[in-house]
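The values are calculated or read from the model by the stated rules, or taken from the named source; none is laboratory data. As the structure is a prediction and not an experimental result, all values here were calculated from the model. Here the Cβ positions follow ideal geometry from the backbone for every residue, glycine too, while neighbour counts run over all protein chains shown.
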Amino acid sequence: MTSFTAAVYQNEYLPEGGSEVNAIVTVTAAADGGAGGVTVGAGVPEAVEIIMIDCSGSMEQPASKIRAARDATATAVDCLRDGVWFAVVAGSNQATMVYPATVGLAQASPATKAAAKAAVGQLRAGGGTAIGSWLRMANSLFDTRPQAIHHAILLTDGKDESERHEEFVAALESCQGRFQCDCRGVGTNWVVSELRAVAAALLGTVDIIPDPSGMEADFRSIMDSAMGKAVASVALRVWAPQGATVTFVKQVSPTIDDLTPKATAVNALTSDYPTGSWGTESRDYHVCVQVKPAAVGAEMLAGRVSLMVGDQPVSQALIKAIWTDDAALSTRMNNAVAHYTGQAELAQAIQEGLEARKAGDEATATTKLGRAVQLAAQSGNDATTRLLAKVVEVEDADTGTVHLKRTVETADEMALDTRSTKTTRVKH
Amino acid sequence: MSTTPLPAPGSAEAPERGPTCPACGEPVGDEDRFCEACGADLPVGPAASMPVEPEVAGCVTCGGAVGDDGYCGVCGLKQPDPHDREELDLGWAAGVSDRGLHHPTNEDAMFLSAPRPGMAVAVVCDGVSSSSNAMAAAGAAARAAGPVLLDTAGTDPKAAIAEAAAAAQQAVIAVPRVGDGESPSCTFVAAALRDGELTVGWLGDSRAYWLSPSGNRRLTTDDSWAAMQVDAGVLTEEAAEADPRAHSITGWLGADAPVAVPRVTQIELAGPGRVVVCSDGLWNYASDADRLAGLLEGSPPDAVGAARHLAQFALDSGGHDNITVVVLAVGERTP
């Protein structure tokens with residue numbers, strides 16, 4: 001059983017005529033008895049896990065890649081909790097069932113897990129890469145257990161080149177909200193923006209596994225997290241007053257994920273933003289609302305954020321706006337809002353800087369990556385600072401003075417790109 | 001706080017009733033054209049379905065439905081707390097309590113009763129803002145002290161005031177602590193008028209004045225740092241009241257009060273005039289008795305007009321604190 005709590009961190013004071021309200025909402029899911037909120041989900045939840053393994057021809061180059069994929073998949077199968085429904089799918093020009101042999105799901109037990117591992121051991125590489133067709137197959141498998149927690153792992157080593165881009169986009173659209181998918185790219189021949197699109201649409205993570213030997217540990221950690229999920233389909237329900245606009249709703253910790261485009265309207269003033277399934281964890285969301293300014297002294301509810309498990313509200317947080325003529329109050333920046341605004345700028349500076357570098361625009365790349373170095377240092381984001389140092393020579397982190405390195409390992413650049421959205425947590 | 005407690009929302013609703021016949025009062029159906037019991041013609045249309053339950057009041061700004069959290073569910077504006085502005089008009093006695101312009105809540109409270117001409121009990125308490133649950137403390141003190149003073153009408157008024165203060169002290173001690181801060185506490189000033197004899201008791205810096213054509217007097221001496229400086233001859237009254245420490249009080253009601261026994265004074269009121277009992281939200285802007293009397297020169301003659309006038313003066317002067325003003329108009333509408 002899980003209980004949810006929500007807390008708001010904001011400066012509710014606005015100057016006369018001020019209209020932008022920013023707040024960080026921290027949502028914490030605790031094993032029952034921890035956080036003291038409404039308890040949901042009794043017993044062990046029904047779950048479906050689908051592992052999609054790229055078996056295109058390039059997985060044989062070198063052969064260690066397909067061998068590592070087999071081993072990592074076997075490890076993932078070992079991590080399955082008995083009773084979980086699962087399938088292993090081989091991806092190339094189309095999706096092919098590996099286990100069970102026919103289109104459907106198997107229920108994890110010592111016997112089915114052994115059979116699955118035997119089937120995985122027979123995986124051979126050949127053919128192209130059509131990620132959209134793999135996702136469609138996963139979607140139809142999940143459909144057979146509609147009430148369960150749906151999670152997938154997608155591993156690829158290459159570019160999506162065996163289907164039209166429209167097919168890929170259409171597949172993503174049809175899968176959105178149906179399951180969560182953690183994406184991994186092995187080696188350096190895959191395209192960060194493609195996997196990021198899959199992960200963003202399907203509320204999952206994206207990361208690089210530079211060397212096939214790292215695959216097994218990575219799969220194990222994905223599975224540990226997936227098997228810990230206890231509550232499916234949690235949504236943030238955001239109410240804002242008439243005349244107000246929700247500018248954005250972003251997850252800002254542990255990673256940046258803009259939920260704004262995923263909003264579905266509940267009524268004229270209320271929308272739901274999906275957050276996927278939850279284990280015992282804590283996440284931060286940045287909510288920005290534009291309200292109609294009211295008179296000095298007035299207090300307005302600028303937003304009500306309810307955490308919804310199905311139709312049941314399990315926790316609620318209020319975002320307020322109070323207009324004041326006291327500049328000392330209205331100019332105070334809330335720590336949490338400032339921190340995550342900085343982390344979002346950091347991710348953007350990295351992505352834009354790397355793009356400019358690829359396009360040969362060294363001046364922009366130097367400025368953007370310099371700003372990124374500065375922001376990472378200021379916010380104590382050491383992991384990002386280390387990744388940046390592999391791409392630029394840092395002369396002075398405080399001022400953001402950097403030089404582009406002449407030679408950069410592709411894997412380092414891709415790691416910086418994929419991990420740019422990882423944020424450090426603010427201390428409240 | 002008022003002498004007539006506001007009905008709690010939802011607690012005193014009329015029992016649910018369908019439409020009834022206007023002639024005999026028997027229940028009738030929504031669609032009936034004639035009463036089944038007496039045969040009278042029934043009015044058609046919406047008038048037939050009366051009486052209606054009073055609607056829950058909508059948002060003061062846009063009319064939208066207000067949620068349990070006190071915010072409008074449509075425009076989001078916080079709805080005013082009824083305690084933000086309270087008025088009591090008992091004819092020759094009246095009181096106004098106002099949140100002011102800078103405090104988020106009204107932590108002042110008043111009790112006023114005028115059972116017959118020439119007899120009145122007024123209590124004003126000002127929650128100590130650095131203490132926990134100050135609004136509840138002030139409300140509890142005023143509610144406890146007022147009725148005690150009314151009940152002891154036949155006894156020595158000085159003893160009655162002390163008894164009322166003791167009851168208020170017990171009530172404040174019983175107020176639960178909420179969050180941080182010192183023990184819940186408040187100031188106290190009580191005035192008992194009996195046929196021309198006025199008895200006033202106080203703890204803290206809430207005050208009573210007697211303003212009359214034959215002379216204007218402040219009746220209380222603050223239990224405050226400022227008053228101590230003036231008494232000791234260290235500072236002039238003006239300088240002391242301008243000091244940031246002016247509002248540090250040396251007497252109050254609460255578990256941590258040094259002495260919860262009020263100082264008491266008594267005067268015979270000669271001729272017509274006005275008794276003003278108030279919190280510092282008013283006298284911060286007009287401490288001097290002559291100044292206060294001067295303000296009333298242009299005010300309406302009735303008690304509620306005078307109380308509103310003084311409260312408005314404090315609001316116009318900045319309204320930095322909660323403002324409570326009780327006025328007893330003596331010898332004007334009383335025999």
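Observations, loosely collected:
- Candidate set from segment A:299-340 (those that are buried (at least 17 other Cβ atoms within 10 Å of the Cβ) and small (Gly, Ala, Ser)); member that is farthest from the chain's Cα centre (by Cα): A:330
- Top-ranked residue in segment A:253-271 [being over 10 Å from the mean Cα position of the chain (by Cα) and of a type in the set (Val, Ile, Thr); ranked as nearest to residue A:348 (Cα to Cα)]: A:260
- Flag if residue A:349 is more than 30 Å from residue A:193 (Cα to Cα) and free of Cβ contacts under 8 Å to residues at least 60 places away in the same chain: no
- Candidate set: segment A:240-256, residues that are buried (at least 23 other Cβ atoms within 10 Å of the Cβ) and farther than 30 Å from residue A:46 by Cβ; chosen: the one nearest to the other protein chains (Cβ to nearest Cβ): A:241
- Complete set of residues in segment A:300-347 that are assigned to a loop (DSSP other than H, G, I, E, B) and more than 11 Å from chain B (Cβ to nearest Cβ): A:310, A:311, A:331, A:332, A:333, A:334
- Residues satisfying the criterion are present in segment A:356-364 (criterion: more than 30 Å from residue A:297 (Cβ to Cβ), of a type in the set (D, E, K, R) and free of Cβ contacts under 8 Å to residues at least 24 places away in the same chain).
- Condition met for residue B:230 (more than 30 Å from residue B:301 (Cβ to Cβ), buried (at least 22 other Cβ atoms within 10 Å of the Cβ) and in contact with a helix residue (DSSP H, G or I) (Cβ under 6 Å, 6 or more places away or on another chain)): no
- Within segment A:91-105, restricting attention to residues that are in contact with a Lys or Arg (Cβ under 9 Å, 6 or more places away or on another chain) and touching a residue at least 24 places away in the same chain (Cβ under 8 Å), the residue that is nearest to residue A:57 (Cα to Cα) is A:95.
- Selected residue [acidic (Asp, Glu) and more than 18 Å from residue B:142 (Cβ to Cβ)] from B:280, B:302: B:302
- Filter result (touching a residue at least 60 places away in the same chain (Cβ under 8 Å) and crowded, with 20+ Cβ neighbours inside 10 Å) within segment B:270-287: B:273, B:274, B:275, B:276, B:277, B:278, B:279, B:280, B:281, B:283
- Within segment A:282-299, the set of residues being part of a strand (DSSP E or B) and facing chain B (nearest Cβ under 9 Å) comprises just one member, A:299.
- The helices (runs of 4 or more DSSP H) found entirely in segment A:349-428 that carry 1 or more residues being over 28 Å from residue A:189 (Cβ atoms) and modelled with pLDDT under 95 are A:362-378, A:382-388.
- The number of residues in segment B:67-86 that are part of a strand (DSSP E or B), more than 7 Å from every other protein chain (Cβ to nearest Cβ), surrounded by 16 or more Cβ atoms within 10 Å (Cβ to Cβ) and under 25 Å from the mean Cα position of the chain (by Cα) comes to 1.
- Listed by first and then second residue, the pairs linking a residue in segment A:167-183 that is buried (at least 19 other Cβ atoms within 10 Å of the Cβ) to a residue that is of a type in the set (Asp, Glu) and assigned to a strand (DSSP E or B), with Cβ atoms under 8 Å apart and 6 or more places separating them unless they lie on different chains, are A:183/A:207.
- Matching residues, segment A:412-428, being out of contact with any Lys or Arg (no Cβ under 9 Å at 6 or more places or on another chain) and either under 18 Å from residue A:193 (Cβ atoms) or surrounded by fewer than 18 Cβ atoms within 10 Å (Cβ to Cβ) (or both): A:414, A:419, A:420, A:422, A:425, A:427, A:428
- Check on residue B:306, over 26 Å from residue B:105 (Cβ atoms), buried (at least 18 other Cβ atoms within 10 Å of the Cβ), in contact (Cβ under 8 Å) with a residue 60 or more places away in the chain and touching a strand residue (DSSP E or B) at 6+ places or on another chain (Cβ under 8 Å): no
- Taken as a whole, segment B:146-155 holds no residue that is within 14 Å of another protein chain (Cβ to nearest Cβ), buried (at least 18 other Cβ atoms within 10 Å of the Cβ) and on the phi < 0 side of the Ramachandran plot.
Condition check ((1) within 23 Å of residue A:191 (Cβ to Cβ); (2) within 22 Å of the chain's Cα centre (by Cα); (3) at pLDDT below 95) across all residues:
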| site | (1), (2), (3) |
| --- | --- |
| A:54 | yes, yes, no |
| A:65 | yes, no, yes |
| A:84 | no, no, no |
| A:107 | no, no, no |
| A:116 | no, no, no |
| A:127 | yes, no, yes |
| A:134 | yes, yes, no |
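- For segment B:87-99, the set of residues classified as over 9 Å from the mean Cα position of the chain (by Cα), of a type in the set (D, E, K, R) and in a strand (DSSP E or B) consists of B:89 only.
- Close pairs (8 angstrom Cβ cut-off, 6 or more residues apart or separate chains): farther than 16 Å from residue B:275 by Cβ in segment B:88-99, surrounded by 24 or more Cβ atoms within 10 Å (Cβ to Cβ) and among the charged types (D, E, K, R) anywhere: B:97/B:108
- Flag for residue B:187 being buried (at least 16 other Cβ atoms within 10 Å of the Cβ), β-branched (Val, Ile, Thr) and touching a strand residue (DSSP E or B) at 6+ places or on another chain (Cβ under 7 Å): yes
- Test result for residue B:178, within 15 Å of residue B:126 (Cβ to Cβ) and in contact (Cβ under 8 Å) with a residue 40 or more places away in the chain: no
- Residue check, residue B:245 surrounded by fewer than 18 Cβ atoms within 10 Å (Cβ to Cβ) and in contact (Cβ under 8 Å) with a residue 12 or more places away in the chain: yes
- Exactly one residue out of A:234, A:249 is touching a Ser or Thr at 6+ places or on another chain (Cβ under 7 Å) and closer than 12 Å to residue A:288 by Cα: that is A:249.
- For segment A:211-253, a residue qualifies if it is under 30 Å from residue A:145 (Cβ atoms) and without any contact (Cβ under 8 Å) to a residue 40 or more places away in the chain, and the qualifying residues are A:217, A:221, A:249, A:251.
- Of all residues in segment A:341-380, those satisfying the criterion of being surrounded by 21 or more Cβ atoms within 10 Å (Cβ to Cβ) and more than 19 Å from residue A:398 (Cα to Cα) are A:354, A:357.
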